[in-house]
């Protein structure tokens with residue numbers, strides 16, 4: 001029996017159901033279903049709103065953390081640039097503008113305004129602060145003799161191009177960039193006026209703490225001196241060529257810019273805060289040790305949510321010397337705050353209902369930096385569930401309307417069911433038959449097949465969707481073939497087999513997590529330079545897939561093009577880095593470990609571009625050594641200078657393992673990484689075997705550690721054993 005007759009029988013059977021029973025039961029059932037649907041819709045929308053809130057907060061928290069990392073990298077580059085100019089000879093070629101010049105329109109350089117640099121006047125009105133994007137501003141502390149510091153002023157004046165480049169690249173992140181020296185010289189970019197006469201940056205927390213710690217330091221929020229905005233400063237010390245403390249350089253970030261990322265546009269009452277999970281007892285934010293917490297040894301009851309920044313901190317203040325006032329985030333019910341603290345201490349993010357200042361709210365929290373920095377967004381609960389309540393009420397109203405309409409339709413449904421059965425069966429079965437025929441043609445490779453189903457119903461939509469699917473299916477087939485070809489090409493770029501060299505046993509392999517990957521290893525014949533040398537390279541490109549494979553291919557071509565040219569390894573790395581930095585888009589880079597092995601002297605020469613150190617195992621002494629001390633990855637900074645390192649003599653039995661982070665960062669189903677300790681133990685245990693056996697032991701242990709968890713990163717390693 002075909003589907004047409006089956007459909008007619010079903011429809012006719014339905015028409016025989018006693019209409020009287022339907023009439024008696026319909027009213028009661030419709031009301032019950034309407035209430036259940038309304039409640040379920042409300043619960044689903046609430047759950048959906050909480051999920052969206054959680055996703056938004058986690059995304060924005062990660063973005064805040066990423067911006068913090070970028071600021072730190074810029075600051076490190078800024079400090080290095082300041083030290084470079086402090087070590088240079090002074091010059092009088094740079095035009096210098098002092099704060100007094102900016103305060104007088106007759107002597108000020110060309111000034112402009114940007115919306116972010118506002119200053120609040122005494123009457124409460126805000127005006128734009130005139131600034132110069134072409135000049136710095138210089139300020140001397142009270143009592144400093146200008147003649148004694150003129151050389152340092154000349155040196156710092158050369159920082160303007162660097163400041164301008166960073167400011168233009170990250171205009172929404174950087175507020176001020178400045179450097180203050182121990183001799184009382186202070187310079188700031190963009191140039192501006194408005195400094196108090198007695199301003200001395202050497203007395204500020206960001207300067208004193210950076211000097212005391214001797215490294216990068218994030219100062220708590222404070223009032224910035226020129227615009228009176230609340231800012232956070234990242235600062236770090238700078239030193240003169242003789243190693244003596246020269247001063248501190250810093251970058252300001254507005255609290256407004258940070259918290260604006262936690263503001264939810266569709267929920268105007270939402271507020272964002274940055275908090276740190278810390279021990280409450282005896283806390284002093286000036287003591288650096290208090291900012292670190294061992295969650296395994298600390299009870300949640302002893303922890304608190306220290307507010308690092310909140311919306312009230314984003315306003316302006318007239319007193320730039322106003323101290324930072326520590327505050328703790330707490331709900332009206334302590335047990336609710338404790339549950340949030342427990343989840344944070346366990347490393348979780350989430351959404352919880354709490355009572356906050358007499359109002360039921362949702363707290364959504366996500367990591368900004370590990371392990372104890374969080375973004376907390378508070379949203380009134382009623383505002384979140386308002387849409388859900390409206391939907392529930394609409395469902396109830398529509399249920400009553402539908403019930404009234406359906407009661408009228410029940411009387412005539414029996415009269416029309418036969419006609420509907422005849423028409424509907426033909427209308428349904430004919431398009432289905434056409435779809436079946438077209439599907440069979442496609443199965444035989446005829447991608448020109450299509451169906452023509454007239455109408456506006458679901459079957460017509462199904463036909464349109466079916467027709468739209470055909471070219472997409474063909475495109476996916478072509479893409480699959482292209483990916484297979486790309487994988488085949490990339491595999492041919494890797495060595496077919498390790499080189500056969502007297503006195504050495506070498507093995508290498510790459511295991512990609514996608515069809516194509518960004519890991520790379522190679523053996524280079526350097527006989528043109530020295531018949532007794534072999535080049536060995538291992539690299540790791542950020543990301544996976546086609547983009548990473550293309551960058552890897554480019555780096556391989558550069559390495560092979562320049563490896564046989566005379567020069568040091570550091571020169572080779574510099575050449576490759578210059579080309580990759582010029583051709584690689586922002587956010588893409590590659591780590592590389594390149595080593596030249598002298599097979600006659602059994603000595604090593606190597607350089608590393610941000611790659612994890614190679615592991616050297618001395619089997620005779622049962623000791624491990626790391627071959628590291630590398631620079632930054634390739635493709636980030638074109639002017640970076642890489643260093644070359646040597647190892648004089650390799651004794652028989654020594655094992656060298658060069659790998660990528662896909663080995664030790666491989667996680668098991670519980671999220672625990674494989675770790676370098678396990679890798680070293682494998683090398684030690686299998687040191688008597690061949691290089692291939694050591695390689696197989698490592699990849700086998702990784703597979704056993706991963707179990708049924710999919711491989712989430714490329715794995716590459718090269719093993720060299722001295723015979």
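The values are calculated or read from the model by the stated rules, or taken from the named source; none is laboratory data. Because the structure is a prediction, the values reported are computed rather than measured. Cβ: placed from backbone, ideal geometry, glycine included. Neighbour counts: every protein chain shown.
Looking at the stretch 231-267, which of the residues that are surrounded by fewer than 21 Cβ atoms within 10 Å (Cβ to Cβ) and out of contact with any helix residue (DSSP H, G or I) (no Cβ under 8 Å at 6 or more places or on another chain) is farthest from residue 83 (Cα to Cα)?
The qualifying residue farthest from residue 83 (Cα to Cα) is 266.
When the residues of the stretch 73-89 are narrowed to those that are out of contact with any strand residue (DSSP E or B) (no Cβ under 8 Å at 6 or more places or on another chain) and buried (at least 17 other Cβ atoms within 10 Å of the Cβ), which ends up farthest from residue 373 (Cα to Cα)?
85
Return yes when residue 70 is under 30 Å from residue 211 (Cα atoms), outside the structural domain of residue 587 (by TED's automatic domain parsing), surrounded by fewer than 18 Cβ atoms within 10 Å (Cβ to Cβ) and at pLDDT 90 or above and no when it is not.
yes
Taking only the stretch 184-207 into account, find how many residues are in a loop (DSSP other than H, G, I, E, B) and either under 34 Å from the mean Cα position of the chain (by Cα) or surrounded by 16 or more Cβ atoms within 10 Å (Cβ to Cβ) (or both).
Total satisfying the criteria: 8.
Taking the stretch 163-174, which residues are part of a loop (DSSP other than H, G, I, E, B) and either within 12 Å of residue 190 (Cα to Cα) or more than 25 Å from the chain's Cα centre (by Cα) (or both)?
Just the residues of the stretch 163-174 that are part of a loop (DSSP other than H, G, I, E, B), to begin with: 170-174.
Within the stretch 163-174, 171, 174 meet the criteria.
Answer yes or no as to whether residue 169 is within 25 Å of residue 260 (Cα to Cα), surrounded by fewer than 22 Cβ atoms within 10 Å (Cβ to Cβ) and without any contact (Cβ under 8 Å) to a residue 12 or more places away in the chain.
yes
Go through (1) surrounded by 13 or more Cβ atoms within 10 Å (Cβ to Cβ); (2) at pLDDT 90 or above; (3) part of a loop (DSSP other than H, G, I, E, B) for residue 517 and report which single condition fails.
That leaves (2) as the condition not met.
Just to be sure before I move on: is residue 90 out of contact with any helix residue (DSSP H, G or I) (no Cβ under 6 Å at 6 or more places or on another chain) and over 17 Å from residue 178 (Cα atoms) in the structure I sent?
So residue 90 does not fit the description; no.
Against the condition surrounded by 12 or more Cβ atoms within 10 Å (Cβ to Cβ), closer than 26 Å to residue 400 by Cβ and at pLDDT 75 or above, how does residue 32 come out, does it pass?
The answer is no for residue 32.
Yes or no, residue by residue, for (1) farther than 24 Å from residue 25 by Cα; (2) surrounded by 14 or more Cβ atoms within 10 Å (Cβ to Cβ); (3) modelled with pLDDT under 75; (4) touching a helix residue (DSSP H, G or I) at 6+ places or on another chain (Cβ under 8 Å):
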| position | (1), (2), (3), (4) |
| --- | --- |
| 388 | yes, yes, yes, yes |
| 409 | no, no, yes, no |
| 424 | yes, yes, yes, yes |
| 438 | yes, yes, no, yes |
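Surrounded by fewer than 19 Cβ atoms within 10 Å (Cβ to Cβ) and within 20 Å of residue 497 (Cβ to Cβ): does that describe residue 527?
Yes, satisfied.
Would you mind finding the one in 537, 548 that is in the same structural domain as residue 596 (by TED's automatic domain parsing) and at pLDDT 90 or above?
Exactly one of 537, 548 is in the same structural domain as residue 596 (by TED's automatic domain parsing) and at pLDDT 90 or above, namely 537.
Yes or no, residue by residue, for (1) closer than 24 Å to residue 534 by Cα; (2) out of contact with any helix residue (DSSP H, G or I) (no Cβ under 6 Å at 6 or more places or on another chain):
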| residue | (1), (2) |
| --- | --- |
| 668 | no, no |
| 676 | no, yes |
| 682 | no, no |
| 688 | yes, yes |
| 697 | no, no |
| 704 | no, yes |
| 708 | no, yes |
| 718 | yes, yes |
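Taking the stated definitions as given, is residue 698 more than 17 Å from residue 592 (Cα to Cα) and in contact (Cβ under 8 Å) with a residue 24 or more places away in the chain?
Judged against the criteria, residue 698 is a match.
If I filter the stretch 288-326 down to residues being touching a helix residue (DSSP H, G or I) at 6+ places or on another chain (Cβ under 6 Å) and at pLDDT below 70, which single residue comes out as surrounded by the fewest Cβ atoms within 10 Å (Cβ to Cβ)?
The selected residue is 314.
Out of contact with any helix residue (DSSP H, G or I) (no Cβ under 9 Å at 6 or more places or on another chain) and modelled with pLDDT of 90 or more: is that true of residue 228 in this structure?
When the stated conditions are applied, residue 228 does not pass them.
Among the numbered conditions (1) within 28 Å of residue 500 (Cα to Cα); (2) surrounded by 15 or more Cβ atoms within 10 Å (Cβ to Cβ); (3) under 32 Å from the mean Cα position of the chain (by Cα), tell me where residue 634 comes up short.
Answer for residue 634: the failing condition is (1).
List the residue pairs whose Cβ atoms are under 6 Å apart, where the first residue sits in the stretch 115-132 and is farther than 18 Å from residue 99 by Cβ, the second is part of a loop (DSSP other than H, G, I, E, B) and modelled with pLDDT under 90, and the two are 6 or more positions apart or on different chains.
Correct list of pairs: 120/228.
Considering only the stretch 219-230, I want to know if a residue exists there that is more than 30 Å from residue 366 (Cβ to Cβ), in the same structural domain as residue 71 (by TED's automatic domain parsing), surrounded by fewer than 24 Cβ atoms within 10 Å (Cβ to Cβ) and out of contact with any strand residue (DSSP E or B) (no Cβ under 8 Å at 6 or more places or on another chain).
Yes, the stretch 219-230 contains a residue that is more than 30 Å from residue 366 (Cβ to Cβ), in the same structural domain as residue 71 (by TED's automatic domain parsing), surrounded by fewer than 24 Cβ atoms within 10 Å (Cβ to Cβ) and out of contact with any strand residue (DSSP E or B) (no Cβ under 8 Å at 6 or more places or on another chain).
Within the stretch 687-723, can you find the residues that are buried (at least 19 other Cβ atoms within 10 Å of the Cβ) and part of a loop (DSSP other than H, G, I, E, B)?
Matches in the stretch 687-723: 713, 714.
Would you check if residue 137 is in contact (Cβ under 8 Å) with a residue 24 or more places away in the chain, out of contact with any helix residue (DSSP H, G or I) (no Cβ under 8 Å at 6 or more places or on another chain), in the same structural domain as residue 116 (by TED's automatic domain parsing) and under 18 Å from residue 100 (Cβ atoms)?
no
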